[in-house]
Amino acid sequence: QLAESLKKQGYGIIDGFMGVDVAERIREELLHMHHVGEMKLSELAGGRTGDNLRYSMAEVRGDVVRFVNGTEKDCQGIGILRDLSDQVIIRVQEKLPELAGEVIQRGNLMCTCYPGGASKAAPCGRGGPCRYVLHCDNPDKNGRRLTALYYVNKGWVPEHGGQLRIYPSDETGRAVGDAVDVDPLFDRFLLFFSDKRCPHEVMDARAPRYAITTWYYSAEE
Ligand SMILES: O=C(O)CCC(=O)C(=O)O
Ligand SMILES: [Fe+2]
């Protein structure tokens, strides 16, 4: 079913992906690593550079991140997610002719938080909302085939913002349908094509927004 909706609209969603107990554990792991300061500005957001650049890049992308492989001792729930996600990708690959002949490799898992309005230290504007501007994950053959997202935001309501807005497109990036807002709900799994078929943006998050992003790569590209 996931493969079918990928074919049809470029993305697919599975709710209740891990079940409440594991989802809860993953949520705790993310909150913990955020609260102890293990999530950092990504390189794109100017992690290595001066404060001004840091803020201007954070306007492009307002999250803090930590890459893990799921075997760290504070990442046991995340490791379970990684394994289930890998299994799903294998199934999807079997059902998608365009991926059938490819060797697909997973990158590390990117644990992210858009701190929203909750934190003065929010990189995205000293306490304001955080977003990620419109982009494609693979605009220039960087190897990414599929982007997997997993959300763990309990009690999410529209006022919290942080929806992922997808603009279904053809191979050239030209829109072929209306934009779709995916709410970053607790225990929701989302898979989409990383290339120009799925330009997307993260809308202003006004409350802390936790997610895990995993990219699946073509070994050849
Ligand atoms: O967190 C999300 O919903 C998407 C993040 C994203 O687009 C990215 O990291 O490339
Ligand atoms: Fe993205």
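The values are calculated or read from the model by the stated rules, or taken from the named source; none is laboratory data. It should be emphasised that the depicted structure is a prediction, and the values quoted were computed from it without experimental measurement. Please note: Cβ atoms are built from the backbone with ideal geometry, for glycine as well, and neighbour counts cover all protein chains shown. In case anyone asks, the SASA skips ligands and DNA or RNA and just uses the protein heavy atoms, side chains included. Shrake-Rupley method; radii C 1.70, N 1.55, O 1.52, S 1.80 Å.
Quick one: accessible area per residue over the chain, 1.4 Å probe, rounded to a whole number of Å²?
48
What order do you get for 175-182, 86-93 when each peptide is scored by the mean count of other beta carbon atoms within 10 Å, highest first?
86-93, 175-182
Just to verify a number: what accessible area does R66 come out at with the full protein assembly present, 1.4 Å probe, Å² rounded to tens?
50
Using a 1.4 Å probe on the protein heavy atoms, what percent of the accessible area of the chain belongs to carbon and sulfur?
Within the chain, the accessible surface is 50 percent carbon and sulfur.
Over 20 Å between Cα atoms, which of K7/K95; K8/K154; K141/K196; K8/K141; K73/K154 qualify?
K8/K154; K8/K141; K73/K154
Using a 1.4 angstrom probe with every protein chain in place, what is the largest-first accessible-area order of K141, K196, K40?
K141, K40, K196
With a 1.4 Å probe and all protein chains in place, put H160, H35, H200 in order of accessible area, largest first.
H35, H160, H200
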